[in-house]
Amino acid sequence: MICNYCEWRCDLGNGKPGICQMYMEKDNRIVEKYPNYYTTYHATHIESLPFFHAYPGSRTLQIGSRGCNFDCHYCSNAYVAKSLPGEVYTFNMTPQRIVDVAKQTGCHNIVFSVNEPTVSFPSFLEIAEEARISEFPIGCMTNGYMTQESTDILSSVCEFINISLKGFSQEFYRKYTGIPDFKPILRNIEKLALTNHIEITTPIIQDINDDKIIEIAKFIASIDRNIPWHVFRLLPEYKMEDKDYPSIQEINKKLEDARGILPYIYFSNFIGSVWVSTHCPSCGQKIIERFNLGGCGGKMVKYSLLEDKKCPYCGAQIEIHGEYTQWNSRDESYGIRNPGC
Amino acid sequence: MAYAILDVREWDTVVRMDTGEPLPMNSPKVNTPMLDMARQVIKGHPYPGDFSSKSIEWVTDTALRLWKTYDPHFMFMIYAQPGILGGVKYMTPDRWNSLVCRVFQNVNRFIEITGYIPIIVGLGDMVPLKEYIDLSGLDGIGYIRMPNRRYAGFYNPTDRDISRFDRMPGIERTVSKCDFINLFEPSDVFRERLPDYLIVAKEGYSFKTLGTSSRTGYKTIAKNEAIPVYTGLPNTEINSLVDLKDTVIKNINHQRIALILLDGIGTKDFPGEYRLCNNSLYWYTYCQGDDSYFAVSCGEHFQHSDYPPGWLDFTEDFEMKTYPYDGFIEKPLSGSIGNYLRTKMGITSAAAGSRSTFTHLSGGADICIECCCCGLYNYGTKAVIYKTQAS
Ligand code: SF4
């Protein structure tokens, strides 16, 4: 029996585990081995995930499960993504409970990240349904290797999606992530860009995929030059922990040319990055200011757009999905502030 | 005005600590002798990462460089590796012993080379993790403020939750906000931020709930009512960890002192002679988090700070939160030992530590060098300069 959640299309017949080891065949159906199990749930800034152009300023309930369908040599979450059952603690939480936690912690939306949602797809869809009933926008971070069928479903339940485009060659993907063909990822990016708010993330491994910076920028621009592109400096982790720390200066030098192709290029995953703010593509003024306090993405510290999402300096329209949201706008209503003794 | 240099090896930026605003490289504020000196120190000593075997040596090497270049009268140091690695990395007893041994070799190396009179404090033992206490299935919200894993805040409890607390085997006690206030008489801000309930884990247990790390735990913080202190100062009385600041102040005019804090090391592992010092107040035992650091540095028990355990700190992480690079802290600790020495006694100080922001927050020294790690990811090295003019 074939699993059709991602392009591996594993045969799970006769108890075969599949690449991600998260599904099995039961009664002629593909079912999750660990439904509704999560390794983390956490309230955080949406910009830290990162989403820079969706619901700016909002508080996100970040959730994630375990497992992955890739084996990226540099994975920074390998202790979760590549862990075996029992190796990492998991919470058993119903979709109702997750949405209830989002309400009680004053969150504005829910995002599945940390690991690949495709490997816990039915659970994720249940959360998405529960979130829809309670009017919580849903987003996710994905490696984009879903089948067309899964992509259609993801597109219908998620408002905003951050897709990782890890390289731009068959050779890179084969050698460093383990998948045979990266064309489905390009196909899914093109498709999702038509129907959803998308942002793209590329982890840069110096001397391995930094030669593709311009090609990736051109690919994104060919779809929509307003798609935000997050470039991460990779830390030496997992199977590449012996690699040197990459050079910020050299990667940034390569990004300089790409900035002429795409207006929203962000460069982070190191403290103090000065490339995490949004500048108006028309007049160049800083219109959304963020700091990188360590980690991916950043924290928004100043939002200057007008109510209709226009630049306050020149009036240019800026692509933002959803409304600017005040960080603590739901704290009072959901009662996490206790009045005292 | 305090500044920080955020260094990511061959690239750095200078920011104002209060607003986080980056300063242009040609700003006169960026090009002072103190900032130049700090930049030279971090350029020569990029943090190797929490998992690197060199991170223990890094503390000593960085402190030695500060001593050579700044020559402070007071040195504040934190060796965090036993607490950090003991928690998340499986270690055989031999490997653990060699880690502890390496920490003390490095402490001794610093003392022998520099001649500072040491006060060495083992902040507490690590014990094997027996089990997690999972709060995710309750009706209200449980929260722990890392790294304080023995105390969880609980918000919006239902009657059902309260009756379930009693049945959870790992819970030592549950304390309502009112009971806490009546016993501890905390500061106003602390009181305001207290959760509805504070839940205390028994020794060997650790909470799993909103905000906890998904890394697998192997050891957790012991419940140590007393912790070991060694000092080369004669005739000193140190009854509690809140006496350490006073001990430094009383003796610093006569000698150079290094106050050295060791995470994850208690009486089980502290070699040689030591005295015991009280590490608790009523039923509260310090947890090697901001509670321990701030109590040592400010000479006051934890409830006089603004930061209760289990406080939902993220709710106050607004856009314009001050001191954005200081995590949940919104202003420097005015009572920190370094600030006291600088402003009240005119004594120079420096700090080096592998406990990220706690190094400069609790050290409060003229110049502080620390790692920028979050979730054990190595995002760079930071120098915080509280004293911007060299004297
Ligand atoms: S989701 Fe997992 S089991 Fe299904 S095809 Fe992909 S890797 Fe194979």
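General remarks:
- Only one of the listed residues (A:Pro17, A:Pro95) is within 16 Å of the ligand (Cβ to nearest atom) and not acidic (Asp, Glu). That residue is A:Pro17.
- Selection of region A:141-157 for residues being within 12 Å of the chain's Cα centre (by Cα) and more than 13 Å from the ligand (Cβ to nearest atom) yields only A:Met141.
- The residue that is modelled with the lowest pLDDT, among those in region A:77-95 that are facing chain B (nearest Cβ under 7 Å) and in a loop (DSSP other than H, G, I, E, B), is A:Glu87.
- Within region B:341-369, the set of residues being without any contact (Cβ under 8 Å) to a residue 24 or more places away in the chain and in contact with a helix residue (DSSP H, G or I) (Cβ under 9 Å, 6 or more places away or on another chain) comprises just one member, B:Lys344.
- Of all residues making up region A:16-75, the number that are touching a Lys or Arg at 6+ places or on another chain (Cβ under 8 Å) and more than 24 Å from A:Glu237 (Cα to Cα): 9
- The residue list A:Glu47, A:Glu25 contains one member that is acidic (Asp, Glu) and either out of contact with any strand residue (DSSP E or B) (no Cβ under 9 Å at 6 or more places or on another chain) or within 16 Å of the ligand (Cβ to nearest atom) (or both), which is A:Glu25.
- Selection from region B:216-232 of residues that are out of contact with any Phe, Trp or Tyr (no Cβ under 6 Å at 6 or more places or on another chain) and surrounded by fewer than 17 Cβ atoms within 10 Å (Cβ to Cβ): B:Glu225, B:Gly232
- Take the conditions (1) surrounded by 19 or more Cβ atoms within 10 Å (Cβ to Cβ); (2) in contact (Cβ under 8 Å) with a residue 40 or more places away in the chain; (3) farther than 30 Å from B:Val88 by Cα; (4) within 14 Å of chain A (Cβ to nearest Cβ); B:Ile5 misses just one of them, which is (3).
- Of all the residues in region B:141-186, those that are under 19 Å from B:Gly211 (Cβ atoms), surrounded by 21 or more Cβ atoms within 10 Å (Cβ to Cβ) and within 11 Å of chain A (Cβ to nearest Cβ) number 7.
- Residue count for region A:102-120, restricted to those that are touching a Phe, Trp or Tyr at 6+ places or on another chain (Cβ under 6 Å) and at positive phi: 1
- Among the criteria (1) within 16 Å of the ligand (Cβ to nearest atom); (2) of a type outside the set (Lys, Arg); (3) over 24 Å from B:Ile144 (Cβ atoms), the one A:Ala54 does not fulfil is (1).
- Picking from residues in region A:261-308 that are among the basic types (Lys, Arg) and surrounded by 17 or more Cβ atoms within 10 Å (Cβ to Cβ), the one that is nearest to the other protein chains (Cβ to nearest Cβ) is A:Lys299.
- Complete set of residues in region B:71-88 that are closer than 17 Å to B:His360 by Cα and surrounded by fewer than 21 Cβ atoms within 10 Å (Cβ to Cβ): B:His73
- Looking across region B:187-215 at every residue that is crowded, with 18+ Cβ neighbours inside 10 Å and over 22 Å from B:Phe328 (Cα atoms), the one that is farthest from the other protein chains (Cβ to nearest Cβ) is identified as B:Ala201.
- In the condition set (1) at pLDDT below 95; (2) more than 27 Å from A:Phe291 (Cα to Cα), B:Met34 is compliant with all but (2).
- B:Ser292 being within 17 Å of B:Gly335 (Cβ to Cβ), in contact with a Cys (Cβ under 8 Å, 6 or more places away or on another chain), assigned by TED's automatic domain parsing to the domain that holds B:Ile113 and of a type in the set (S, T, N, Q): no
- Candidates are the residues of region B:74-88 that are in a helix (DSSP H, G or I) and aliphatic (A, V, I, L, M); the one that is farthest from B:Ile111 (Cα to Cα) is B:Val88.
- Residues within region A:122-140 that are under 15 Å from the mean Cα position of the chain (by Cα) and within 16 Å of the ligand (Cβ to nearest atom), tallied: 2
The values are calculated or read from the model by the stated rules, or taken from the named source; none is laboratory data. Being a predicted model, the structure only gives us computed values, none of them experimental. Please note: Cβ atoms are built from the backbone with ideal geometry, for glycine as well, and neighbour counts cover all protein chains shown.
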